[in-house]
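K.L.:
Okay, handing you the structure first.
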Amino acid sequence: MKKCVCLIGKPNVGKSSIFNKLIKSKKSIILDEAGITRDRIYGTVTYKNKTFSLIDTGGLTTENHDFNQEIKMQAELAIDASDTILFVVDGKNGLDNTDYFIRDMLIKTSKEVIVLVNKVDNEKRKDNIYEFYELGFETIIPVSAEHNIGFTETLELLTKNIPENLQDIKPIPKFCIIGRPNVGKSSLINALLNEKRAIVSNIAGTTRDSFDTKFTYNKQEYIVVDTAGMRKKGRIYENVEKYSYLRSMRAIDESDVCVVVINAEEGIIEHDKHILGFALSAGKGIVLVVNKWDTISNPDQEIKKWKTKLNNEFQFASFIKVVFVSSTKKTRISSLMPEVINAYLNNQKQIATNKLNDVINDAVSLNAPPTFKGKRLKIYFVSETGLKPPKFTFQVNNKNLVHFSYERYLENKLRENFDLTGTPIILQFKNKNDRE
């Protein structure tokens, strides 16, 4: 397992700034559920060819509000999942009761704790960091997210025990099964593995945690993750369900492919779209499974209606393959893994630059960009600049001339010419003369 580090601290000490500095990007929050938006954001840090996972958490306070209690729960979950904790404090304003409250919480854990004294952007403040030894932790590092101070020392310390050859280990493809409660996720895994390893019942919410299982398919190892059912906003009642929801979100973040399961008995509901949206926003390969197909009468006739319905309801993800299965009857189960593998491979597909430019040049010749205020978009060059999901960067004369309809046209042309089923793709436009 990859090393996991989390950031803990009170509000406004600069945790998110440190997070963005370490992962070298600004990672936005993709959820709008109360108590989730300030939960945890996952990212990957790479330093000297070593990598580890990083979790940002909401600010902890001593105020006894429900929202603060939820943030505290989520922070405790992050602590539990981590190997090392970065306790962020304010080097400008010093310690207060909230810092000591967090200190008492961290002392109870056996995890390694490193105190990052943020906002230390001058020598005077650096001389004052000794007060932070009152917290009782051995390692204190002065940093400044704004002025990029102290991050080399922090990264050296965080990566010192990560093996040098870790990046040479061939990763095992990992996919998770996600969906609403009682859509048959555990039954689907049991059918896939051909053994009864997950608890299965008709009571929604039987699975409370995420479980990883390694198995072999066609002489290749895979890891499948069973997750708890993801309830819609306002229906997460118990604390344990909040933990389960968050573990499901982490399973999405750490997987290569997400298998989104829909209940054929209940049909498509709005929350199915939300769950699929989580996987899309995370840039994962995706397969859509309509489960409990054995409950449908006249399945040969209904499958045509379902395909039409799916195309209408999931227009934003028309590139996703759909599999109709019955996990209890074990029918059509064999059709799942080929689609998972295809989505996995396409999510990290590399396309030759000359082929990309040939396709885009032909697309422009066939349908030139529209003019805007007497100006027309010109595309000079396109290259693939990222994977998981594939990212294509277009060098243009003026990126403000890119209309959303023409961007969609270019995406469609890429999908027509290259097999990119099962994966979202990113199109980025940059002015030719702009520096990186």
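K.L.:
Taking 0.36 nm per residue of separation and subtracting the Cα-Cα distance, what length does fully extending residue 122 through residue 24 add?
P.N.:
Values: separation 98, 0.36 × 98 = 35.28 nm, distance 2.33 nm.
Between residue 122 and residue 24, full extension yields 33.0 nm more.
K.L.:
Given labels modelled 7 Å from the Cα in the Cβ direction, how far is it in nm from residue 193 to residue 108?
P.N.:
The modelled label-to-label distance comes out at 3.2 nm.
K.L.:
Using 1/(1 + (r/R0)^6) with R0 = 22 angstrom and r between the beta carbons of residue 101 and residue 157, what's the FRET efficiency to the nearest 0.05? List each step's numbers first, then the result.
P.N.:
On the way: r = 25 Å, r/R0 = 1.15.
Calculated transfer efficiency: 0.30.
K.L.:
Then there's this: Give the residues of region 411-436 whose amide nitrogen is closer than 19 Å to a point set 7 Å from the Cα of residue 352 in the direction of its Cβ.
P.N.:
Output list for this probe position: 414-420.
K.L.:
Please compute the length gained on full extension between residue 130 and residue 376, using 0.36 nm multiplied by the number of residues separating them and subtracting their Cα-Cα distance.
P.N.:
Values: separation 246, 0.36 × 246 = 88.56 nm, distance 6.05 nm.
Additional length available on full extension: 82.5 nm.
K.L.:
How much accessible area does residue 376 have with a 1.4 Å probe, in Å² rounded to the nearest 10?
P.N.:
The accessible area comes out at roughly 110 Å².
K.L.:
If I take R0 = 22 Å and measure r between the Cβ atoms of residue 265 and residue 315 in this structure, what FRET efficiency does the formula 1/(1 + (r/R0)^6) give, to the nearest 0.05?
P.N.:
Working: r = 24 Å, r/R0 = 1.08.
Working from the Cβ atoms, E equals 0.40.
K.L.:
Calculate, for residue 48 and residue 361, the FRET efficiency according to 1/(1 + (r/R0)^6) with r their C-beta to C-beta distance and R0 35 Å; round to the nearest 0.05. Walk me through the numbers on the way to the answer.
P.N.:
Details: r = 40 Å, r/R0 = 1.14.
Efficiency for this residue pair is about 0.30.
K.L.:
Quick one: putting +1 on the C-beta of Lys and Arg, -1 on the C-beta of Asp and Glu, what dipole do you get for region 304-357 around its Cα centre, in Debye to the nearest 20? Working shown, then result.
P.N.:
On the way: 10 positive and 2 negative charges, 60 e Å.
Dipole size: approximately 280 debye.
K.L.:
Past the 19 Å Cα-Cα mark, which pairs from 292/329; 214/391; 284/355; 21/48?
P.N.:
Values: 292/329 9 Å; 214/391 30 Å; 284/355 24 Å; 21/48 16 Å.
Pairs exceeding 19 Å: 214/391; 284/355.
The values are calculated or read from the model by the stated rules, or taken from the named source; none is laboratory data. Just so you know, these numbers come straight off a predicted model, no measurement behind them. Every residue, glycine as well, gets a Cβ built from its backbone with ideal geometry; the counts of neighbours run over all protein chains shown. Protein only, heavy atoms only, side chains kept; ligands, DNA and RNA dropped before computing areas. Shrake-Rupley method; radii C 1.70, N 1.55, O 1.52, S 1.80 Å.
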